[in-house]
1. When the chain is fully extended, how far beyond the present Cα-Cα distance does residue 152 get from residue 167, taking 0.36 nm per residue of separation?
2. Tell me, what is the FRET efficiency for residue 35 and residue 231 to the nearest 0.05, using R0 = 25 angstrom and their Cβ-Cβ distance as r?
3. Return the calculated 222 nm mean residue ellipticity for the chain, to the nearest 500 deg cm²/dmol, obtained by summing -39500 (n - 2.57) across DSSP H runs with n ≥ 4 and dividing by the residue count.
4. Points 7 angstrom from Cα along the Cβ direction at residue 187 and residue 242: gap in nanometres?
5. Can you pull the three principal axis extents for the Cα set of segment 3-82, in Å, largest first?
6. Going 7 Å from the Cα of residue 5 in the Cα-to-Cβ direction, what parts of segment 14-29 have a backbone nitrogen less than 17 Å from that spot?
7. How big is the C-alpha Rg of segment 184-244 next to the rule-of-thumb value 2.2 N^0.38 Å, as a ratio?
8. Going by average Cβ density within 10 Å per residue, which order do the peptides 90-96, 135-141 take, highest to lowest?
């Protein structure tokens, strides 16, 4: 597979064309950002860890029947994925009140929600990623009613399977953000990444009642280095994949 011209550069990844028009080359960077890019820092080893964690999670999800754009990891920081036409949406699932949700509704962080909450934000840094509801998505032509129904179904299934995966490694999946897109034949698939950058992950091992963050909140809130936390998530996921006999690509 030949790496060609750069097509896109985001906060944490670069995407390149390849000699196969249906395949993209993704390169994970070491940049950490928060607050829509207002806080930035280069953190050695972050790209490598996020590449590996995404690889393991996509393979674990595939073993549970959840398909994605992921093809395979090709080196420490890079992977190949199917080319997608992305929906300009941040798709958020919440299981526990935390972060902006807790602040918005005056709920104590850590409050278990009576059911998972699915939220959508319009993906736009210039607009600050504003909230958008189902009617707005359909009215603006972002997705059809049928497409939105499938996106929502997949998001809830990803939440169900990810919650099970993380519970097996003693981690609480508090909330997460995913993205979805369409292949050239119109198939809607999970895309982008699933990492501690895009999930809130709380260690469920005994810490005397103290929340032990294993995610980007360590960087976002200035609580310490993210690298040991990301390494811990990677180590536990690799062990789970081995125990379940899942081949990691």
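1. 3.2 nm
2. According to the calculation, E is roughly 0.50.
3. -9500 deg cm²/dmol
4. Those two pseudo-labels are separated by 3.2 nm.
5. Between the extreme Cα coordinates on each principal axis of segment 3-82 lie 36, 31, 22 Å.
6. Zone members listed by number: 15-25.
7. Compactness ratio reported: 1.41.
8. In decreasing order of mean packing, 90-96, 135-141 become 90-96, 135-141.
No lab work stands behind these numbers, since they all come straight from the coordinates. Not measured: the values here are computed from a predicted model. Positions of Cβ are backbone-derived with ideal geometry, glycine not excepted, and every protein chain shown enters the neighbour counts.
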